[in-house]
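The values are calculated or read from the model by the stated rules, or taken from the named source; none is laboratory data. Keep in mind it's a predicted model, so treat the numbers as computed, not measured. Cβ sites come from the backbone with ideal geometry, for glycine too, and all protein chains shown count toward neighbours. Each accessible area value is taken on the protein alone, full model and side chains, heavy atoms only, with ligands, DNA and RNA left out. Shrake-Rupley method; radii C 1.70, N 1.55, O 1.52, S 1.80 Å.
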Amino acid sequence: MQIPDEQLDLRFDTYKVTERISAKSRSIRVEVISPTEVTLVIPRFVARQVARDFLRSRDGWIRQKLAELQQRADRDAEGGPSPHLRWDGTDLLPLHGGAVPLKIVQAQVRPVVRVEPERVTLFCPGSWLAETAKLEHLLRETLRREAATEARVLLNREATRLGVNFQGPRIADQRTLWGSCTPDGLISLSWRLLLTPPEAFRYVVIHELCHRVHLDHSDAFWSLVARQMPDHARHRQWLREHGQRLHWYLRS
């Protein structure tokens, strides 16, 4: 899995389209990212106008998927955390597959975030409460560091079990990938894996490390994943069903 080479944004009437030029893709692909966002994956050898014509031909299907995502989001939001943070001390934040309170403590200290299993607390001067962009950046970067710490522990443990080496991790915020592994072993992971259940995080780590043996998605690759994590399909399905919503939080 490769990080996009190039990205371009387009604005359609009811949803935003991001064009991603891919050196690996062999066909045009449309990915519905959120109720308002779509990604158009364009192979390098395909003319952009051809890809855009394909996108328009899929408009009905796209709108159907957008509606389904919105309905799912509405169901998930009932009693659960909202991706639109209010910063008033009543927010819930997804963490390790659950929902924990996001508390704000006004203090004359350097702004800092404390991440605990049962809560996330942000300490900041009162003047910061009117600058939500600063609060979001601070929280996002703290969660990125937490994800990096957990990723290193998982990667070291699972790489030892598998008998492979790796480089990294690089912690990023990919919109369509949870992780990637380059041919030379550099592993990139989304910081948003910190928001998923721990076993889903572990599955992605195992998935990427197995690419150190098979840099493809062949039967041999999936057999190796199953050997390292027999119940991997359950965690993969969780990411498919719930993971997209986690990309709506703290968008940069």
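All of Leu246, Leu154 fail the test of being under 17 Å from Leu95 (Cβ atoms), out of contact with any Gly (no Cβ under 9 Å at 6 or more places or on another chain) and without any contact (Cβ under 8 Å) to a residue 60 or more places away in the chain, apart from Leu154. Taking the conditions (1) open to solvent by 60 Å² or more (accessible area, probe 1.4 Å); (2) at negative phi in turn, His96 satisfies each one other than (2). If you take the residues of the range 30-45 that are modelled with pLDDT of 85 or more and open to solvent by 30 Å² or more (accessible area, probe 1.4 Å), which of them is nearest to Asp173 (Cα to Cα)? Residue satisfying both the conditions and the ranking: Glu31. Looking at the range 107-116, which of the residues that are modelled with pLDDT under 90 and open to solvent by 40 Å² or more (accessible area, probe 1.4 Å) is nearest to the chain's Cα centre (by Cα)? Here the residue is Arg110. Pairs are defined by a Cβ separation below 6 Å, a sequence spacing of at least 6 or placement on different chains, a first member in the range 91-103 that is over 11 Å from Glu116 (Cα atoms) and in contact (Cβ under 8 Å) with a residue 40 or more places away in the chain, and a second member that is assigned to a loop (DSSP other than H, G, I, E, B) and open to solvent by 30 Å² or more (accessible area, probe 1.4 Å); the pairs so defined are Gly97/Pro197. Screening the candidates Leu194, Leu155 for the property of being modelled with pLDDT of 95 or more, within 27 Å of Leu102 (Cα to Cα) and open to solvent by less than 10 Å² (accessible area, probe 1.4 Å) yields one hit, Leu194. Taken residue by residue, the range 109-126 has at least one member that is assigned to a helix (DSSP H, G or I), out of contact with any Leu (no Cβ under 6 Å at 6 or more places or on another chain) and not aliphatic (A, V, I, L, M). State yes or no: is Arg48 open to solvent by 50 Å² or more (accessible area, probe 1.4 Å) and farther than 29 Å from Leu246 by Cβ? When the stated conditions are applied, Arg48 passes them. Selection of the range 113-129 for residues being of a type in the set (S, T, N, Q) and under 23 Å from Leu194 (Cα atoms) yields only Thr121.
Every listed requirement among (1) at pLDDT 95 or above; (2) within 20 Å of Leu95 (Cβ to Cβ) is met by Asn165 save one, (2). Considering Arg175, Arg212, which residue is out of contact with any His (no Cβ under 8 Å at 6 or more places or on another chain), among the basic types (Lys, Arg), over 22 Å from Val113 (Cβ atoms) and crowded, with 16+ Cβ neighbours inside 10 Å? Sole residue among the options that is out of contact with any His (no Cβ under 8 Å at 6 or more places or on another chain), among the basic types (Lys, Arg), over 22 Å from Val113 (Cβ atoms) and crowded, with 16+ Cβ neighbours inside 10 Å: Arg212.
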